[in-house]
Structures are given as C-alpha cells and as structure tokens.
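Shown next, in structure tokens, is the structure this report addresses.
The values are calculated or read from the model by the stated rules, or taken from the named source; none is laboratory data. Note that the structure is a prediction, hence the values are computed from the model and not measured. Ideal geometry is used to build each Cβ from the backbone, glycine not excepted, and the neighbour counts take in all protein chains shown.
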Amino acid sequence: MSKRREKPNRRNNAAAVLRWILFTRHYLLQFPLLSAIFAFLLFFAAFSVISPLPPIINQHRSSLLKNGAKAGESTFSTETSPFRVPRSGGRRLWKSMQSKFYYGCSNASDSFQTADLKTNRNRYLLIATSGGLNQQRTGITDGVVAAYILNATLVVPKLDQKSFWNDSSDFAEIFDVDWKCTPICYLTKVLPVLNKKHVVQLGKFDYRLSNRLSPDLQKLRCRVNYHALKFTDSILEIGKKLVQRMRMKSDHFIALHLRFEPDMLAFSGCYFGGGGKERMELGKIRRRWKSLHASNPDKERRQGKCPLTPEEVGLMLRALGFGSDVHLYVASGEVYGGEATLAPLKALFPNIHSKETLASKRELAPFSSYSSRMAALDFIVCDESDVFSTNNNGNMAKIIAGRRRYFGHKPTIRPNVKKLYKLFTSRHNKTWEEFMSKVRSHQIGFMGEPNELKPGRGEFHENPSSCLCEDSVAKAATGPNPTPQTLPHEGHENVKENIKRNEASEVTDEHSIENEHGQGATEMDYVDNGNAVQGKKPGW
C-alpha cells in the first residue's frame, strides 16, 4: 500500500474511534474507575492507529542485530522469518583430537647433497618477488629450491616496492638475512662476478615451482619456509607482545584474516551490494589492471572467487559453534566501507581486537608506514592463535594454513566459499538451526584437520604433505580406529564422502596451477651481460 493511501485510512480510523468515544461517554461517566481504565486503553489504541509503521530494513547484504524475545539469543530479523543466533557457543573447537598423531618432518635424506657440495660458484640466480608479504615469502622459499636445482647461489631477493602495497622495505628490514650473503658480500664478491658471467633473473617470482617435486626438494622447501626464513628481532618482539596481550584477555582466541580492502575487492570483480557508488569506486580501481577481463560478479561468486563479507564470516564462525563471548583478533588493512561494514561482525563478536587496539602508536611507529612490516605483525598473531580463520583463500591463508599443519595441525578454518555463497543468499528463508546445520556440513574438509586433502592436492605451501609424518606409536596406543573430530555436528553424512565431495569444489585447481607453472618460463627476465629481454608479465 502506498503512503498516499495510508494517510486517509489512518484519518478515517482515528475519526471512527473518536465518534465511538463520544457515544459511550455518557455511560462511562456513571462508573468513574471503569472510565479511567477504559480511557487508558483507548489512548494506546488510538496512538497505534495514528502512528506510522516502523520501516522495514532490506537485509540482503547487511542485517541488523537485535535482542530476541528469548534470553541468550540474538535475532537477525527479516521480512519473512526470524533468524535467531544464540549468544552461547557449542562444544569446544579449540583443538583437534587428531593432531597428536601427526608432526612436521623435513630432515633431508642421506642421499641429499648439501648445497656446498653441488653449487657452481660461478653461477648466480636473482629473483624479483611480486605482490605482498606472503607472495614474497612464497617466492623466496621457491627461489632457494630453484637455486639448488640450478646449482647456483641465490642473491638476496629484490622485493616488490611498486605495487599497491607501496612498501619501500628491503629484504633485510623484514627477514633475518644472517644466513644469506650480506650487502657487503654482494658488492665485494657477487658484483664482480655478475659483471663477467651470464646471469638469469626470474621476474615476478611466486608460485613458479611445480607441486610435483622429489620428496627431498619438497622438504627443502619446508626447511626454508618453516625454519630458515625468520622475521627480524624487532618484528618478532612486537608480534609476541601482541600475542601475550591477547592471552591476557582470554585463554583462547580466534585470529581472523579479513581481506576486504578496496583494491582486493576491485581485483576480485565481485559485487557486495553497495549500489552505484560501489560500482564506480571499485571500477575505477579495477581499471588500473589493464589485463583484467570485464567483471562478471555473478559468475565470480558462483565459482567461489568472492571473499565473504565481515558479516558472512561472522555468521560462519557462530554457526560452527563459537559464542559471542569469544575474543577475535582481526588482521586486516583498510576495510572498504569502514565501521559500517564491520558493524555486523562486531554485533556477532563484541570482543574484537587488532594490532592498533593492542599496541600504542609509539610501539607501532617503526612499522606503521610499511605495509609489509605491519602484515608481518599480523602474521605472527595469526600463526600463534588457537583458531585461525579467513574470509578468502588468498596467499596469507594458504601460507598460514600450511604452517599450522606443519606445527601441529592447529584448527584452521578456510571457508568453502563455493558452497557457502548459495547458503548466504537464501539464509533469510531458513531458521538458524537449518542454517547452522548446512554451514557445518559444507565446512567438513575445510577445518585444518589431518588428511583433509590428499597428498599433492592443492598448492604445496597450503598442504605440505611431503613434510607431514604420522606418529604410528601414538596412534597405536590410542586404538585401532580413533574417532575423528571434525565438526560439532551430529548426524552428518559420512565424513570421508563429504571431504571427497568438498575437495571437488575447491577453488584451487591443480591442473590450472600446473599450466601456470608451465608458462612461467615465458614470464622470466633473461639478463645476458646486462642486456635484458623482458617477457610477458602478469598484472599482479
């Protein structure tokens, strides 16, 4: 009904009420007490007729959290049905029962030749990493293995300082380089050789090694990534302080890596319900990448390439059993939409913290102007958290997921975005119990449990299967068939079948990764006596 038709109807209803009051006035005056009670009731009746109806809020992308009628519940109200989110959580999800049966193992075999025995001293490899901190970490790790394969010495890597990260830090300001050739060493020993010998430089060096390497080379990857590659002491010191301060607030906490920065959203080509303003702002940023195809938001979301919104990742965590009292450390950059975008997440988890709230401006001053150093602080807290979660399956999520597998299979929640998007789209037609059951079913195989992924499946830095060993003694002492703990969900279908089904829906396609690696040679920079021949380079 339109507003123009509503106003006359309200006036007619009000007039009818007043006529009825005048008609009954004569009889009510004979009973004063009854008259007073009746007048009080009529006042509220007339007020409800005359006053306008409350507005109905469109909650397709952002719901308003309200207190429900029942104690201990919150309500995401919709036009059709209440969506009640319990305040309390379910069973504890802070530890995997299966983790004690597995451990990281990356020692070299007896047949593995050490670098000093096989390196050609007249052969040097340079790599130029690309992207942010975690892409750079991947490139450095794989660069060491590439140098070993080529019998070459790896020169201190050159970090990407020109992309959106706009960080002028060099390698030594982020990673400990004592185990590598120092700048003085480079100038006195490497530079004269570079002027005389042919050198190969690998540009945009990240994800340039195949997953299908020998076990010894895979373990070399692990030794570099999980043991040799360390942050500087200044970064480690503040990172540990942040972890300690989180522990002071709660015995357990979740670290959430929230990728919702404007450039990331623009690159994804997804739409998040912000109307013309969003399309204009993100479209302007997207045009900076000349090689990107025209965006198709519906297709990107169907294929699981769109990150969850802060509200959606909050609902996922609540559905998995984490209560509103859980403390959340949010690792993120500039969130698109600011506080308005974060409000639904804060309503679901009021105890939200970040490096900016845990540390003083003075403590963060040496890092705040450098995005990679700030990202390193977040990396440390995410790695040390009891539970790690993310709203997308990007580089940091993969690196931390692999690291947490290697160091004890700590719970690591990767959203099954391809399945969850349909659920979030239709959630207002479901009860909370139905929604919760579906989330838990979809997330089987995405919780960081051992054997979720088959060996060799996915990207190696996310699933370092060659570096994971089974403790047969501990497993035998427990019993022949220990019960796997996957999710706080009773009565779900066979776990193995669900994992197999969810594996098929993984966003990462191993075949496409191999194809990318196969094309990597065309994207290298070849340098022969200082004359560069530049090949095709990806946009990001």
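Miscellaneous remarks
- Sub-8 Å Cβ pairs linking a first residue in the stretch 209-220 that is over 17 Å from residue 454 (Cβ atoms) to a second residue that is part of a helix (DSSP H, G or I) and among the aromatic types (Phe, Trp, Tyr), at least 6 apart or interchain, are 217/148; 220/148, ordered by first then second residue.
Okay, residues lined up against (1) among the acidic types (Asp, Glu); (2) free of Cβ contacts under 8 Å to residues at least 60 places away in the same chain; (3) part of a helix (DSSP H, G or I):
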residue	(1), (2), (3)
377	no, no, yes
389	no, no, no
398	no, no, yes
409	no, no, no
415	no, no, no
428	no, no, yes
441	no, yes, yes
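- Of the residues making up the stretch 429-446, those that are surrounded by fewer than 23 Cβ atoms within 10 Å (Cβ to Cβ) and among the polar types (S, T, N, Q) are 429, 431, 437, 441.
Conditions (1) at pLDDT below 95; (2) crowded, with 21+ Cβ neighbours inside 10 Å; (3) over 29 Å from residue 304 (Cβ atoms), marked per residue:
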residue: 342; (1), (2), (3): no, no, no
residue: 347; (1), (2), (3): no, no, no
residue: 352; (1), (2), (3): no, no, no
residue: 370; (1), (2), (3): yes, no, yes
residue: 383; (1), (2), (3): no, no, no
residue: 387; (1), (2), (3): no, yes, no
residue: 392; (1), (2), (3): yes, yes, no
residue: 395; (1), (2), (3): yes, yes, no
residue: 399; (1), (2), (3): yes, yes, no
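- Flag for residue 292 being closer than 22 Å to residue 413 by Cβ and either in the same structural domain as residue 388 (by TED's automatic domain parsing) or surrounded by 14 or more Cβ atoms within 10 Å (Cβ to Cβ) (or both): no
- In the stretch 195-218 there is at least one residue that is at pLDDT 90 or above and surrounded by 20 or more Cβ atoms within 10 Å (Cβ to Cβ).
To keep it simple, each residue is scored yes or no on (1) in contact with a Leu (Cβ under 7 Å, 6 or more places away or on another chain); (2) surrounded by 17 or more Cβ atoms within 10 Å (Cβ to Cβ); (3) modelled with pLDDT under 65.
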position	(1), (2), (3)
118	no, no, no
131	no, yes, no
144	yes, yes, no
166	no, no, yes
